[in-house]
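A.B. asks: Structure in structure tokens, see below.
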Amino acid sequence: MQRLYPILFVFLWSTGFIGAKYGLPYAEPLSFLLVRYGFVISLMLLIALATRAPWPNDPKQWLHIGISGVLVHAVYLGGVFVAIKHGLPAGVTALVVGMQPLLTALGAGWLLGEQVAGRQWGGLALGFVGVGLVVSGKFGDVALGPMLIPALVALLGITAGTLYQKRFCARFDLRTGSVIQFVPTAIVTAIAIALFEDFRIEWTGDFIFALGWLVLVLSLGAISLLNLLIRSGSAVNVASLFYLTPLSTALIAWVIFGEKLTLTATVGMALAVSGVYLVARPAK
């Protein structure tokens, strides 16, 4: 069953772009995320109390888990949602965030002592080229400019969060750990809303559907799988899975929205999958 975790994670994580597509027209990005965090905290706290899940005994673990949550959720998700809301195409956002495996590989040796083999470096480069081909047709004639800034912030957040969690708090109970991660995330997001937004939300059917999907499928399902993968695998191997997210998103958009898949995108998918295989393949 554990062998299916990476595939399931990639599929669930990639649906986050679909949820954003449905919900962002009706809410400011950080306000959308704060409501999402509130529901996640409430649900996970109820589950943790009902199942008597263990809480960390060491105050330092509370701090480390909280910091990892702020990086992975507040910084990464906030950056992605702000970028898309302000007009950066999802394909460009995916390409920027798609640099994460390369940055993670650079940091893994320095911070975690992980050895990145030449084969893995080749796979990381091949995967990045593949992602670039997949999203190349989605750039359009948009002037990127400052819209790239929140996407770059998101890239740094998910990279730093993955390395930090692997280094300082790889193992924690997923029920109580989720509460500890999302509470400081909500606080940081609320501060950002007070500074930059008006907390505007239109409770339409599409928004409620998107909110429910992101709470149940993304924040409870995909995030739990990500935590399990970080716990059991190397940071580089886990990060390489993010190369597959734009591919999965493109396939879902093709099925649901009828978006075209070009020959270039198909070749890019093959390259990205090959790159992830080279990274994750056990050394002989």
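A.B. asks: Step by step: first the residues of the range 133-152, then only those that are crowded, with 17+ Cβ neighbours inside 10 Å and either closer than 20 Å to LYS85 by Cα or among the hydroxyl-bearing types (Ser, Thr, Tyr) (or both), then the one that is modelled with the lowest pLDDT. Which residue is that?
C.D. replies: LYS138
A.B. asks: Among the residues of the range 37-55, count how many are assigned to a loop (DSSP other than H, G, I, E, B) and of a type in the set (Phe, Trp, Tyr).
C.D. replies: Quick first cut of the range 37-55, residues assigned to a loop (DSSP other than H, G, I, E, B) only: 51-55.
This time we only want the ones that are of a type in the set (Phe, Trp, Tyr), so: 55.
Number satisfying all stated conditions: 1.
A.B. asks: Of everything in the range 1-36, what is in a loop (DSSP other than H, G, I, E, B) and out of contact with any strand residue (DSSP E or B) (no Cβ under 8 Å at 6 or more places or on another chain)? Give them in sequence order.
C.D. replies: We begin by selecting, within the range 1-36, every residue in a loop (DSSP other than H, G, I, E, B); these are 1, 28.
Scanning the range 1-36 gives a single hit, MET1.
A.B. asks: Within the set of pairs 6 or more residues apart or between chains, which connect a residue that is in contact (Cβ under 8 Å) with a residue 40 or more places away in the chain inside the range 60-83 to a residue that is surrounded by fewer than 23 Cβ atoms within 10 Å (Cβ to Cβ) and not in a helix (DSSP H, G or I) with Cβ atoms less than 8 Å apart?
C.D. replies: That search, which allows pairs on different chains as well, returns GLN61/PHE172; TRP62/PRO56; ILE65/PRO56; ILE65/PHE172.
A.B. asks: If we scan the range 227-236, do we find a residue that is farther than 24 Å from LYS21 by Cα and outside any helix (DSSP H, G or I)?
C.D. replies: Yes, the range 227-236 has at least one match.
A.B. asks: Step by step: first the residues of the range 223-242, then only those that are modelled with pLDDT under 70 and not polar (S, T, N, Q), then the one that is nearest to the chain's Cα centre (by Cα). Which residue is that?
C.D. replies: Narrowing the range 223-242 to residues modelled with pLDDT under 70: 233-236, 239.
Next cut, not polar (S, T, N, Q) only: 233, 235-236, 239.
On the way: GLY233: 17, ALA235: 14, VAL236: 15, ALA239: 10 Å.
Result: ALA239.
A.B. asks: Suppose we filter ALA53, ALA74 for residues that are more than 27 Å from ILE256 (Cα to Cα), in contact with a Ser or Thr (Cβ under 7 Å, 6 or more places away or on another chain) and surrounded by fewer than 24 Cβ atoms within 10 Å (Cβ to Cβ); which single one remains?
C.D. replies: Residue meeting the stated conditions: ALA53.
A.B. asks: Looking at the range 20-44, which of its residues are under 20 Å from MET147 (Cβ atoms) and not hydrophobic (A, V, I, L, M, F, W, C)?
C.D. replies: LYS21, GLY23, PRO25, GLU28, PRO29, SER31, listed by residue number.
A.B. asks: What is the one condition in (1) part of a helix (DSSP H, G or I); (2) out of contact with any Leu (no Cβ under 7 Å at 6 or more places or on another chain); (3) under 16 Å from LEU220 (Cα atoms) that ALA83 does not satisfy?
C.D. replies: It is condition (3) that ALA83 fails.
A.B. asks: Taking the options SER224, SER232, name whichever one is surrounded by 15 or more Cβ atoms within 10 Å (Cβ to Cβ) and small (Gly, Ala, Ser). Please lay out each step first, then the result.
C.D. replies: On the way: SER232 fails: surrounded by 15 or more Cβ atoms within 10 Å (Cβ to Cβ).
Only one candidate qualifies: SER224.
A.B. asks: Next up: Would you be able to say whether some residue in the range 125-132 is buried (at least 23 other Cβ atoms within 10 Å of the Cβ), part of a helix (DSSP H, G or I), β-branched (Val, Ile, Thr) and at pLDDT 70 or above?
C.D. replies: yes
A.B. asks: Return the only residue of LEU261, LEU251 being modelled with pLDDT under 70, surrounded by fewer than 21 Cβ atoms within 10 Å (Cβ to Cβ), of a type in the set (A, V, I, L, M, F, W, C) and out of contact with any Ser or Thr (no Cβ under 6 Å at 6 or more places or on another chain).
C.D. replies: Residue meeting the stated conditions: LEU261.
A.B. asks: Any residue at all in the range 215-222 that is over 14 Å from TRP13 (Cα atoms) and at pLDDT 75 or above?
C.D. replies: no
The values are calculated or read from the model by the stated rules, or taken from the named source; none is laboratory data. Since this is a predicted model, take the numbers as computed values, not measurements. Positions of Cβ are generated from backbone atoms using ideal geometry, with glycine treated the same way; all protein chains shown enter the neighbour counts.
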